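Only one structure is covered here, and it is reproduced in the block below.
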Amino acid sequence: YLLDSNKSAHVKNILGKKIGDSIKVILPSISKGYSRILSFPEDKVLIDKPTLGEKLHHYEINKLSEKMKVLSKVRLILPLPRPQTGKKILHLIGCFGVAQVVFLLPQSHNKQFLTSPVYKTSGIWNEIKTGMEQSGSFLVPKVQIVHLNLKEYLERSKVACKISLDPSMEDSFYDLETFEYVSRQEEIGIEVYFGSESGNSLEDIDLLSKMSKCYSLGDTILRSEYAIANVLGILKSKG
């Protein structure tokens with residue numbers, strides 16, 4: 001494998017690696033482990049193909065830990081955010097290795113956001129990849145933009161555990177039990193719904209209270225990316 005210019009410069013200049021040294025590698029959706037530097041052709045870094053059987057440089061096939069299993073069954077649902085916020089959210093889901101994020105975009109709302117490079121295929125992958133590199137996660141989240149409003153999406157969802165968040169709710173999200181949903185065979189065990197940054201309307205709260213389990217993260221109003229980081233941290237701690 002030949003690393004690109006940016007990664008090659010990082011390996012040589014920041015990490016100070018030399019020919020024969022080992023570096024950590026990630027194979028998206030497969031696993032993570034180590035590989036060996038073979039040469040530096042044209043200022044780039046050539047590494048060997050990770051294979052099983054070598055004593056020092058074999059590719060370590062890691063089974064999902066219990067904590068990773070929780071997040072690998074989580075789907076996040078939220079209105080399509082502004083591109084700058086979207087970048088942070090894509091980075092976070094790459095870090096945590098969640099199963100999927102679905103951005104809701106009703107036909108009449110914020111279509112101009114889709115013109116941003118952030119929401120192009122390459123932009124989405126770049127942000128997710130950066131998050132994966134930061135945390136070492138090899139799980140690649142799926143990203144979907146659907147032209148549905150909240151009610152339409154909830155009516156179509158078949159996920160057993162639907163969770164919504166609002167500061168007005170009495171039950172604390174910290175008390176949520178996740179194990180029964182993680183142990184099920186479905187690909188997605190938990191769906192978590194986040195409102196827009198302006199907050200849920202009374203109509204939304206009424207709808208969510210009828211079609212999901214409602215919890216609070218406390219009385220502090222959080223930006224979308226902070227609320228998501230908080231929720232994913234709590235879910236991971238319950239693994």
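When restricted to residues that are surrounded by 15 or more Cβ atoms within 10 Å (Cβ to Cβ) and closer than 16 Å to ILE89 by Cα, segment 218-239 contains 9.
Within the option set LYS32, LYS24, LYS49, LYS18, being assigned to a strand (DSSP E or B) and either loosely packed, with under 13 Cβ neighbours inside 10 Å or without any contact (Cβ under 8 Å) to a residue 12 or more places away in the chain (or both) holds for one residue only, LYS24.
Only residues that are out of contact with any helix residue (DSSP H, G or I) (no Cβ under 7 Å at 6 or more places or on another chain), modelled with pLDDT under 90 and at negative phi were counted in segment 184-199, giving 7. Number of residues in segment 1-41 that are of a type in the set (Ser, Thr, Tyr) and under 25 Å from VAL98 (Cα atoms): the value is 3.
Okay, residues lined up against (1) outside the structural domain of TYR226 (by TED's automatic domain parsing); (2) in contact (Cβ under 8 Å) with a residue 24 or more places away in the chain; (3) within 18 Å of GLY233 (Cα to Cα); (4) not polar (S, T, N, Q):
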| residue | (1), (2), (3), (4) |
| --- | --- |
| VAL101 | no, yes, yes, yes |
| LEU105 | no, yes, no, yes |
| HIS109 | no, yes, no, yes |
| PHE113 | no, yes, no, yes |
| ASN126 | no, no, no, no |
| GLY131 | no, yes, yes, yes |
| LEU150 | no, yes, no, yes |
| ILE163 | no, yes, yes, yes |
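Assess whether TYR215 counts as being outside any loop (DSSP other than H, G, I, E, B), of a type in the set (Ser, Thr, Tyr) and surrounded by 15 or more Cβ atoms within 10 Å (Cβ to Cβ). The answer is yes for TYR215. Selection over segment 121-161 of residues that are hydrophobic (A, V, I, L, M, F, W, C), touching a Gly at 6+ places or on another chain (Cβ under 7 Å) and under 17 Å from ILE89 (Cα atoms) gives a count of 3. The lone criterion from (1) surrounded by 15 or more Cβ atoms within 10 Å (Cβ to Cβ); (2) assigned by TED's automatic domain parsing to the domain that holds TYR1; (3) at pLDDT 60 or above; (4) not β-branched (Val, Ile, Thr) left unmet by LEU71 is number (2). For LYS55, the criteria (1) at pLDDT below 80; (2) buried (at least 19 other Cβ atoms within 10 Å of the Cβ) hold in every case but one, which is (2).
Taken over segment 137-158, the criterion of being under 21 Å from LYS73 (Cβ atoms) and within 18 Å of the chain's Cα centre (by Cα) is satisfied by SER137, PHE138, LEU139, VAL140, PRO141, LYS142, VAL143, GLN144, VAL146.
Of the residues GLU197, GLU186, only one is more than 20 Å from VAL74 (Cβ to Cβ) and surrounded by fewer than 17 Cβ atoms within 10 Å (Cβ to Cβ); which?
On the way: GLU186 fails: more than 20 Å from VAL74 (Cβ to Cβ).
Result: GLU197 is the single residue among GLU197, GLU186 that is more than 20 Å from VAL74 (Cβ to Cβ) and surrounded by fewer than 17 Cβ atoms within 10 Å (Cβ to Cβ).
Assigned by TED's automatic domain parsing to the domain that holds LEU76, closer than 23 Å to GLY199 by Cβ, small (Gly, Ala, Ser) and surrounded by fewer than 20 Cβ atoms within 10 Å (Cβ to Cβ): does that describe SER172? Answer is yes for this residue.
If LYS158 satisfies every condition in (1) surrounded by 14 or more Cβ atoms within 10 Å (Cβ to Cβ); (2) in contact with an Asp or Glu (Cβ under 9 Å, 6 or more places away or on another chain); (3) of a type outside the set (Gly, Ala, Ser) but one, which is the exception? With respect to (1) surrounded by 14 or more Cβ atoms within 10 Å (Cβ to Cβ); (2) in contact with an Asp or Glu (Cβ under 9 Å, 6 or more places away or on another chain); (3) of a type outside the set (Gly, Ala, Ser), LYS158 is out only on (1). Annotation: HIS147 fulfils all but one of (1) surrounded by fewer than 18 Cβ atoms within 10 Å (Cβ to Cβ); (2) at pLDDT below 90; the unmet one is (2).
The values are calculated or read from the model by the stated rules, or taken from the named source; none is laboratory data. On a predicted model such as this, the values are computed, not experimentally measured, just so you know. Note that we place each Cβ from the backbone using ideal geometry, even for glycine, and neighbour counts take in every protein chain shown.
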